[in-house]
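Any read-out appearing in this document is the output of simple, stated calculations on the displayed coordinates, not a laboratory observation. Nothing here was measured: the structure is a model prediction, and the numbers come from that model. Quick reminder, even Gly has a Cβ in these numbers, built from the backbone with ideal geometry, and neighbours come from all protein chains shown.
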Ligand SMILES: [Zn+2]
């Protein structure tokens, strides 16, 4: 059977399975790919060459938001994007998205394939799709039962990337675990976040010499105890990767942002945060996220994707050189961005998407415009109008991600009430021991009223809250989703929150949408 025939048979199969999923209201984000890959196992290898570009986003947290933002930027620049936007990020999910994008004449509808890839699936997906640009967000402990060792996950990425010698890597410089993937290749661009509200000049970027530890001890934005001078990480947050990836020495930090993210160096071997090509600073996060991105221009500029360069589908690919004046190598310029997103962690997502979009030649003004009108995906601090108040829905799945969500909500003024829904199904991660590593102690804050525990592990989570120091009279258990929301609606609070693990998320979104209404957020 010829490859062409097999692929088309697989395409037909994928369509039939997708139609059946639709008929039975089963989410068809992965199953069509599972079945079609049985018909044509190398379908992804066969489909990806038809795209102008293949891009991939991987890492622990922020993959979905980063990929969605980048897709949004590219579409605003007139480049249609095929994208596994529903979070099905293993090989079958990727295949499903590509099958969906394929027309019967064998051509894709889109010009760019943007693949969100599960950390455990980079081997299979990268080998099949051969992305030319890979974004790595961060590595935090996530679902230990699937990836019992972070080291193994990182080794897997290293191996997958080594097989793509021509790919450009867009890496989070603030994460020593991500930087270890670099391995001295030429095509690497780094993004990172500067010390709060200090411009590049005061952060010593661009000075090759080792920077002095800041006089104030260098505590980052969280105001943790100064860890920098001692070289031992502070204990107030989860820091997985605080050891040098080259020699194993404890890293010294000039400052932390969260998790192990920050400005670090190894006093033994010289491993350090690389110089930033894209540096975020001047960050303010209220209703809107505002930030400046300091961009280090390189003379080798990519072709410019501007709205004006958009061509009708089927037209020729305009690989014209940028008309923008490119600064000499090493010179920096500023790009101010505003996005309807909340939470400091989103700074990294906007930054990663911006870095990748710039590498692909998207113009500054398209990125600025697109960032302003971005709409967050389900459960990424998504707002609903519920019980006459604003109710924010957020996904939690690991300690670092949960801590960032908790911090963001504690910083918001007013009295708060929460539902926290914990499931332990396969997609959530069977092992819920991560709950004990997250900083739920901050819910003892006087601004927090009731915390309603829901989900399959509601009772275990209530115990966890008790040990975290949340007063007993504030803890309530209501495992069922509708009951938990009824209890939430009954609370006297200015702001309501629902934090949910993956398998609870979409049902809560649906319920909140039905009982209340989604609030459109736009930056104008
Ligand atoms: Zn070292």
| Burial ranking of peptide ranges 352-362, 283-293, 387-397 (average Cβ count within 10 Å, highest at the top) | 352-362, 387-397, 283-293
| request: Assuming R0 = 30 Å, can you tell me the calculated FRET efficiency for the pair residue 375 and residue 331, based on Cβ-Cβ distance, to the nearest 0.05? | output: 0.30
| Where does the stretch 380-518 land on the Kirkwood hydrodynamic radius, alpha-carbon pairs, in angstrom? | 14.5
| query | Mind checking the log10 I(q)/I(0) for the stretch 1-133 at q = 0.12, 0.15 Å⁻¹? Debye, one equal scatterer per Cα, no solvent, two decimals. | reply | -0.41, -0.65
| Given the Cα-Cα distance of residue 155 and residue 425 and 0.36 nm per residue of separation, how much length would full extension add, in nm? | 94.5 nm
| remark: Label model pair residue 50, residue 510: point-to-point distance (7 angstrom along the Cα→beta-carbon line) in nm is 3.2
| For residue 365 and residue 466, what is the calculated FRET efficiency with R₀ set at 56 Å and r taken between the beta-carbons, to the nearest 0.05? | 0.60
| How many angstrom separate the Cα center of the stretch 38-56 from the Cα center of the stretch 456-519? | 41
| task | Specify, per residue and in Å³, the volume enclosed by the convex hull of the alpha carbon atoms belonging to the stretch 14-75. | result | 135
| note | With a Förster distance of 25 angstrom and the Cβ-Cβ distance between residue 249 and residue 183, calculated FRET efficiency to the nearest 0.05 equals 0.85
| Modelled label-to-label distance, residue 437 and residue 26, 7 Å Cα→beta-carbon offset: nm? | 3.4
| Shape call, the stretch 321-456: gyration tensor on alpha carbons, a/c limit 1.5 | prolate
| request: Compute the distance in nm between two label points, each set 7 Å from the Cα along the Cα-to-Cβ direction, one at residue 104 and one at residue 284. | output: 5.6
